[in-house]
Amino acid sequence: MKFKTATLSIILVILMVLGTACGGGGNAPQPTNNNNQASNNQPSGKATVIKLAHMSPELPDDAYHMFALRYKEAIESKTNGRFEVELYPAGVLGKDRELAEGLQYGTVDLAVITSSPMGNFVPAFQTLDLPFLFDNWEHVYRFLESDAAEELYKETESAGIITFGLIARGPRSVTNSGKAIESVEGLKGMKIRVIESSIFVDTFTALGAAPQAMSWGEVFTALQQGTIDGHENSIATINNERVYEVQDNVSLTEHIFAFTTAHASKMFWDTLSAEDQKLFKETAKEITIQISKEQEKAEEDFLGRLKAAGMNIYEIDRAPMREMVNSVYEKFAKSNTDKYFKAIEELK
């Protein structure tokens, strides 16, 4: 019994000596944070992994995916691998609304989202949905480079979302099958899918249609089954989402300009150093402007692809349409700030 007790005592002494030698007196070494490491206290040499998500297909000329690819490459390169950007395209982490909520809850770090759903989180963003707000691409570019645009981006911070910038995707037009829409009268009574935005609903109601607010994930099947008559979208999206497989015509109503927004979760943003925040924001703005200009040049190419796929393209007189949507502006003015509308008007 004494032998066993003595043996146990010797073993305990050895373990104590080893523990002191290996553990530095029992205090485990702590990771430090300096300019050569990730700003959320990652150990030296280990990259901070960032989730960047969007809902569009993985196509080389899709604005959402173009941004994701270029941003990933730029951030990883400019930070010498301190950050690793993981891409989650094609709605893997959800559609626009789910991604915006993911940014708020911190389950998504970065996201590329259609601007219209952001209006449900930040009312000021609804301004961009006003019909016939922009005269042309040059008018859009003047806004993107303006102080007013920067002020609009800051509006999302109260919702827990940081906005880097807007990607201009081009004016939205209407698709349908059967008899073509060659004038505004052709919209009367038609069930047209619109984005889940009150301004989109009000716009098409004013134009005489029967708008159906619907999540994008339901649209293709609804068009295929004929539960809706048509939908509206940018020419690029009509092509990239293969709408030509279930619709015959495109009528160039160009009623609302389409934008995509690049965002970061404020929860993620607050882990970054001031230097990294500047890098992330400036890099994003540079890429959004670059892609916007490429989207303008690609518009004719997208129309050509739709024609080649069998779609008929129709011009439409937009003058009477502009008059018909005055009620949309009147309703908007009652419940929203006119600050950004006025700023955009002054840039014409």
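The values are calculated or read from the model by the stated rules, or taken from the named source; none is laboratory data. Quick caveat: nothing in here was measured; it's all calculated off a predicted structure. Note: ideal-geometry Cβ built from the backbone for every residue, glycine included; neighbour counts use all protein chains shown.
I'd like the residue in region 320-333 that is among the hydrophobic types (A, V, I, L, M, F, W, C) and either in a helix (DSSP H, G or I) or touching a strand residue (DSSP E or B) at 6+ places or on another chain (Cβ under 7 Å) (or both) and, out of all such residues, is surrounded by the fewest Cβ atoms within 10 Å (Cβ to Cβ). Outline the logic, then answer.
So the first thing to find is which residues in region 320-333 are among the hydrophobic types (A, V, I, L, M, F, W, C), and the list is 321, 324-325, 328, 332-333.
Next cut, either in a helix (DSSP H, G or I) or touching a strand residue (DSSP E or B) at 6+ places or on another chain (Cβ under 7 Å) (or both) only: 321, 324, 328, 332-333.
Values: M321: 20, M324: 15, V328: 23, F332: 19, A333: 11.
Across region 320-333, the extreme among qualifying residues is A333.
Residues in region 209-225 that are part of a loop (DSSP other than H, G, I, E, B) and free of Cβ contacts under 8 Å to residues at least 40 places away in the same chain: A209, M214. Among the residues of region 53-87, those that are farther than 27 Å from N239 by Cβ and crowded, with 16+ Cβ neighbours inside 10 Å comprise I75, E76, T79, R82, F83.
Has region 192-215 got at least one residue that is touching a helix residue (DSSP H, G or I) at 6+ places or on another chain (Cβ under 7 Å), aromatic (F, W, Y) and surrounded by fewer than 23 Cβ atoms within 10 Å (Cβ to Cβ)? Checking region 192-215: not a single residue is touching a helix residue (DSSP H, G or I) at 6+ places or on another chain (Cβ under 7 Å), aromatic (F, W, Y) and surrounded by fewer than 23 Cβ atoms within 10 Å (Cβ to Cβ). Scan region 117-137 residue by residue and report those that are of a type in the set (V, I, T) and either over 18 Å from the mean Cα position of the chain (by Cα) or under 18 Å from V194 (Cα atoms) (or both). Residue satisfying the conditions is T127 alone.
Quick check on G304: is it in contact with a helix residue (DSSP H, G or I) (Cβ under 9 Å, 6 or more places away or on another chain), small (G, A, S) and modelled with pLDDT of 95 or more? Full working, then the answer.
Numbers: in contact with a helix residue (DSSP H, G or I) (Cβ under 9 Å, 6 or more places away or on another chain): no; small (G, A, S): yes; modelled with pLDDT of 95 or more: yes.
For G304, the condition - in contact with a helix residue (DSSP H, G or I) (Cβ under 9 Å, 6 or more places away or on another chain), small (G, A, S) and modelled with pLDDT of 95 or more - is not met.
Looking at (1) within 18 Å of L133 (Cβ to Cβ); (2) part of a helix (DSSP H, G or I), which one does T337 not meet, given that it meets all the others? (2) is the only condition that T337 fails. The single condition among (1) part of a loop (DSSP other than H, G, I, E, B); (2) at pLDDT below 95 that D317 does not satisfy is (2).
Considering each residue of region 75-110, count those that are of a type outside the set (A, V, I, L, M), within 13 Å of the chain's Cα centre (by Cα), part of a loop (DSSP other than H, G, I, E, B) and farther than 11 Å from I161 by Cα, and give that number. It would help to see each step written out before you state the result.
Step one: list which residues in region 75-110 are of a type outside the set (A, V, I, L, M), which gives 76-84, 86, 88-89, 91, 94-98, 101-102, 104-107, 109.
Those left that are additionally within 13 Å of the chain's Cα centre (by Cα): 88-89, 91, 94-98, 101-102, 109.
Now narrow it down to the ones that are part of a loop (DSSP other than H, G, I, E, B): 89, 91, 94-95, 109.
Still in the running and farther than 11 Å from I161 by Cα: 89, 91, 94-95.
The number of residues fulfilling the criteria is 4.
Determine, yes or no, whether N233 is at pLDDT 95 or above, within 30 Å of G208 (Cβ to Cβ) and crowded, with 24+ Cβ neighbours inside 10 Å. In short, yes. Does D135 qualify as being on the phi < 0 side of the Ramachandran plot and surrounded by fewer than 22 Cβ atoms within 10 Å (Cβ to Cβ)? When the stated conditions are applied, D135 passes them. Out of D248, D301, one residue alone is free of Cβ contacts under 8 Å to residues at least 24 places away in the same chain, of a type in the set (D, E) and surrounded by fewer than 16 Cβ atoms within 10 Å (Cβ to Cβ). It is D301. Among the residues of region 241-259, at least one is in a strand (DSSP E or B) and within 20 Å of L52 (Cα to Cα). Across region 143-189, the qualifying residues are those that are touching a residue at least 40 places away in the same chain (Cβ under 8 Å) and out of contact with any helix residue (DSSP H, G or I) (no Cβ under 9 Å at 6 or more places or on another chain), and the one among them that is nearest to V250 (Cα to Cα) is E182. When only residues in region 154-187 that are of a type in the set (D, E, K, R) and within 30 Å of N312 (Cα to Cα) count, which is surrounded by the most Cβ atoms within 10 Å (Cβ to Cβ)? Taking the candidates together, the pick is R169. A274 meets all of the listed conditions (1) in contact (Cβ under 8 Å) with a residue 12 or more places away in the chain; (2) under 25 Å from I162 (Cβ atoms) but one, namely (1).
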